[in-house]
Amino acid sequence: MTKKLKKALTFFDHHVSCISRRVHRVLSSIPQLQFVLFGLAMVIVGYIVYTGSSPGNINVLAIIMIYSMVALGLNLLLGYGGLISLSTAPVMGLAAHGMRILVVGEQFGQVNYFLAIVIVLVLSVFMGLLIGLLSLKMEGIYLAIATLFFGYIIAELAGAFELFSYGQSARMGAITFFGDTSLSWIHDIWTLYLIVVATVTLVVIGLYNILKSPTGRAFMAISRSQHAALAMGISVRRYRFLAFVISTVVAAIGGILYVTFRQRTGAFDSRWNLELSLILLAIVVVGGLKSFFGMFLGAMIIIGIPEFYFERIEAFIINRGWFGESFRMLGFSDVFAGLMIVLAILFYPRGAIMIFYTLKAKLIALKQRKAGRDVSIDVE
Amino acid sequence: MTFEAFITTFFISLRHGSIVALATLGIVLIYRTSKATNFAQGMIGTFNAYVAGYLMIHHGASIWVATLVALITAFITGVIIDKLFIRPASKSSAVGKQIMTLGIILILVGIMNMNFGLIGRVTNTNNRVTRFIPTTQTVSIFGQNIPWDTVFVTVLAMVLMGAIFWFIQKTRWGLGVRVTASNEPVARLMGVPTRTITMLSWSVAAMLGTIAGIALASTQGGITVGLLIGVQISAFFAAVLGGFQTFHGPVIMAYVLGFTLRMSRYIMMTVFAQSSVLADALIYTLVLVVLYFMPYGIFGKAPVRKV
């Protein structure tokens, strides 16, 4: 009996390893497939959340997806280009407000949803060129503060004009895609979530392709040594412009996705502020420079865990009033997010994605030790 | 623009410029000694100004006593932040340290929002944070009544910054600060206690931020979490415009920027009858153009780098 079981087990083991080897082979021949698989996994997770006890959490999930995508655009700048930008959040806000202005059409008349996307993206290319102009002269903290200036000017100007509803959040309402198909945040949140996941997956695959192309190699060379890259004939100016344009366009796509999903534009001083720019930067640093899945991990650590877990605990404590009226843990999620950032930088300076590599190394070591022990038993 | 309006605007902007200059000096001090862009400067100041506000509102302490206690807590805050967060991360990159200060911001905001019945209630009361000197006492300068409080804050800031400049330029420890700022590893090899200097610069920066926070809170009458955010951003702009490489450039530019902003707002509102926000945007665009042609600030020079 045991012999039969053992035989069945080895048979099973053999097949599993065969399948996993085959999957590995397919994945390594088409690496883009892993992002598709990840998108499918996110759809499943989203479905579980949506049909579960608190369907509202699907909002958090969508926001995390959008922020990880924008962070990936920033990673292209920071990890591959060695450049920094603190104007990401205002650019996202401008894209969101721009979509509302074009689609609702109070001032200029209504524009088709897809045409509006094209117009906003073209404008964001120009914005990226403007920021890129600054990067030709400055580096490091000077560049960071100069881009902060840029974002600040955007926010100030938006606050001055009625067109941008004085920088405050405004409702966009249900989106009409084709003819009669319109999606509203209240009724079709699941479809909107699917749109978010699909767009994020496509953008991530696009970024992956860019980074594996000669353009990506040029970014890599510039990030290591500008002078060496120049000596090899890489035009540093051109690629700096390109890096800023790409990351600005990705940020604009993030803003468009946000306004498509939430159907509100968000205020410049409470949502699209310096704190969000810094948090996006934190996602890149905490998740890991030059890593793709690290962005999702970073967003999960900084936004996800505090939102999913601690907000509920806070609500719990406030409802019960365990420690009387005065004792409230309102700031707990902020403290936790801050602590996570600090701990991640202290213990994983190369990014939280390194956790998986450490675990993998540990697993291999464990397997080897176990194999060694088995051998010794056989000898006995 | 009348002469009277000019005098009033001049003194108001001098006071605000002093507050920004204090925050700026803190940021530059930390950037030079521990190579970290301190985004938390404003929040550390706000946090300790909360302590002062709590003492004033709930225990009726006078502003002098409250400020003294807040300065002591600021010193401790600086030491804790350096010991727990910044020094262990000394090997991480500049961006890593920058993000570390974001973590500190989030922790401080969280603690301020935790309503233990202590600090958080500062904003909920009708009591007010008083001024250093009541506004009824004024001094006549060129026929304009300027509150003594404005003069006091300006003079206090200038004396403090003058003392710090004297300390940096003339004393033995100041030499240590300059050496640490110029090359930390070599300074350590030469026997300069760079760790103590870094720690002290965090503490001094926290104390400067706290004074700025209390001075600003006393004009507004209350303290909110976002008290120093505007000051923090202005301080960064001043620091970049003046050049991070020097100590005096950012402080001068803090006054210049503060004065220019106030004046342009006034002119925009009275002469052109436009929103004051436009004036801000105009001045900032101008600054950005200046920065394009002088990327390392007006007083700074381009850093020399080995290839």
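The values are calculated or read from the model by the stated rules, or taken from the named source; none is laboratory data. What you see is a predicted model, and the numbers here were worked out from it, not measured in a lab. Neighbour counts run over all protein chains shown; Cβ positions are idealised from the backbone, glycine included.
Worth a mention:
- Test: residue in segment B:176-187 that is among the small types (Gly, Ala, Ser) and modelled with pLDDT under 80: no
- Whichever residue in segment A:334-348 is facing chain B (nearest Cβ under 7 Å) and crowded, with 16+ Cβ neighbours inside 10 Å and, among such residues, is nearest to B:ILE81 (Cα to Cα): A:VAL342
- Among the residues of segment A:160-179, those identified as touching a residue at least 24 places away in the same chain (Cβ under 8 Å) and in a helix (DSSP H, G or I) are A:LEU163, A:PHE164, A:SER165, A:GLY167.
- Here A:ILE131 passes the criteria (1) surrounded by fewer than 22 Cβ atoms within 10 Å (Cβ to Cβ); (2) closer than 22 Å to B:GLY242 by Cα; (3) in contact (Cβ under 8 Å) with a residue 12 or more places away in the chain except the one numbered (1).
The rows are residues; the columns are (1) away from every other protein chain (no Cβ under 11 Å); (2) in contact with a Phe, Trp or Tyr (Cβ under 8 Å, 6 or more places away or on another chain); (3) not acidic (Asp, Glu).
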site: A:PHE219; (1), (2), (3): yes, yes, yes
site: A:ARG224; (1), (2), (3): yes, no, yes
site: A:MET232; (1), (2), (3): yes, no, yes
site: A:ARG238; (1), (2), (3): yes, no, yes
site: A:ILE246; (1), (2), (3): yes, no, yes
site: A:TYR258; (1), (2), (3): yes, no, yes
site: A:LEU281; (1), (2), (3): no, no, yes
site: A:VAL285; (1), (2), (3): no, no, yes
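- Residue within segment A:274-287 that is of a type outside the set (A, V, I, L, M), more than 15 Å from A:VAL60 (Cα to Cα) and assigned to a loop (DSSP other than H, G, I, E, B) present: no
- Members of segment A:131-170 found to be more than 9 Å from chain B (Cβ to nearest Cβ), among the hydroxyl-bearing types (Ser, Thr, Tyr) and under 17 Å from A:LEU281 (Cβ atoms), listed by number: A:SER135, A:THR147
- Some residue of segment A:245-263 being touching a strand residue (DSSP E or B) at 6+ places or on another chain (Cβ under 6 Å) and of a type outside the set (Val, Ile, Thr): no
- A:ILE317 being modelled with pLDDT under 85, touching a Lys or Arg at 6+ places or on another chain (Cβ under 9 Å) and surrounded by 14 or more Cβ atoms within 10 Å (Cβ to Cβ): yes
- Only listed residue being under 23 Å from A:ARG271 (Cβ atoms) and at pLDDT below 90, chosen from A:ALA116, A:ALA89, A:ALA96: A:ALA116
- Search result, residues across segment A:1-50 that are closer than 30 Å to A:PHE308 by Cα and outside any helix (DSSP H, G or I): A:GLN32
- Restricting A:SER124, A:SER182 to those that are in contact (Cβ under 8 Å) with a residue 40 or more places away in the chain, more than 30 Å from B:GLY300 (Cα to Cα) and polar (S, T, N, Q) reduces the list to A:SER124.
- Within segment B:74-96, considering residues that are among the hydroxyl-bearing types (Ser, Thr, Tyr) and touching a residue at least 40 places away in the same chain (Cβ under 8 Å), the one surrounded by the fewest Cβ atoms within 10 Å (Cβ to Cβ): B:SER90
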